[in-house]
Amino acid sequence: MISVKIKRTKTTKDYLILGIALALLVGGGYLLITIFSPFFATQFIDPKNNETTKVLQKTTDEFHPENRIYIPAINVNIPYKTGGAEVLELTAWWRKPENGNPKEGGNFIIAAHRFQIGPTPQRTINNSPFYNINKLKVGDSITVDYNGKRYEYSIYDIYKVKPDAVEIEERTDQPRLTLYSCSLGGSFDKREVIIAVPK
């Protein structure tokens, strides 16, 4: 029996399928890199020597015109602002200013996204400033610039609450800083709460 080999040439359809497969592979890889960028960016943070600690060392005696929060243990250095929930898309949100601030005491409350995907890996990192809030420990330092003056806090309590636990935002008699963010499970899951007191 004679076998005949038919040489098949690549058609436009073959190239189209190959192009689509390649685009899906590259797009999927980019999406994975974008999603996991906050995780990878924070794996090698040295809590005693990072960008935030260097900024704090350089700016100790200066006037600080922008309201900012610094958390060296997780390399956070971001501004915070008042307003509505739209503030969270830009930076940290100073919740309920009437309940406290660093100068007058009370409960000074800052919230920020734990994870918020952006169009690029860097934007995802910037959108997720509290990604590592769960890595903070009792005794870690937090620095706040408020109306030109710098205030130092030390973490004394860490816990989780349900999303509707509004008591974490109530005014307190003693001065304190309350940080909170959603867990990685999302806004319907628990909230990670950090309580710090002035040093």
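The one condition from (1) surrounded by fewer than 17 Cβ atoms within 10 Å (Cβ to Cβ); (2) touching a Lys or Arg at 6+ places or on another chain (Cβ under 8 Å) that Ala21 does not meet is (2). When restricted to residues that are surrounded by 14 or more Cβ atoms within 10 Å (Cβ to Cβ), outside any strand (DSSP E or B) and of a type in the set (Asp, Glu), segment 141-199 contains 1. Scanning segment 113-136 for residues that are surrounded by fewer than 17 Cβ atoms within 10 Å (Cβ to Cβ) and within 27 Å of Lys103 (Cβ to Cβ) gives no hits. Just so you know, in segment 63-89 the residues that are over 23 Å from Asp140 (Cβ atoms) and touching a helix residue (DSSP H, G or I) at 6+ places or on another chain (Cβ under 7 Å) include one that is surrounded by the most Cβ atoms within 10 Å (Cβ to Cβ), and it is Lys81.
Within segment 124-164, the only residue that satisfies the criterion of being without any contact (Cβ under 8 Å) to a residue 12 or more places away in the chain and among the charged types (D, E, K, R) is Asp164.
The set of residues in segment 169-192 that are without any contact (Cβ under 8 Å) to a residue 60 or more places away in the chain and either in contact with a strand residue (DSSP E or B) (Cβ under 7 Å, 6 or more places away or on another chain) or on the phi > 0 side of the Ramachandran plot (or both) comprises Gly186, Asp189, Lys190, Arg191.
Any residue in segment 57-78 that's over 16 Å from Tyr180 (Cα atoms): show its pairings with residues that are among the acidic types (Asp, Glu) and surrounded by fewer than 18 Cβ atoms within 10 Å (Cβ to Cβ) at Cβ separation under 9 Å, as long as the two are six or more apart or on different chains. Listed by first residue and then by second, the contacts come to Asn75/Asp46; Asn75/Glu51. The set of residues from segment 17-44 being touching a residue at least 12 places away in the same chain (Cβ under 8 Å), farther than 13 Å from Arg123 by Cβ and either among the aliphatic types (A, V, I, L, M) or not in a helix (DSSP H, G or I) (or both) comprises just one member, Thr42.
Here, each number is a calculation from the coordinates, and none is a lab measurement. Small disclaimer: the values here were computed from a predicted structure and weren't measured. FYI the Cβ positions are ideal-geometry reconstructions off the backbone, even for glycines, and counts take in every protein chain you see.
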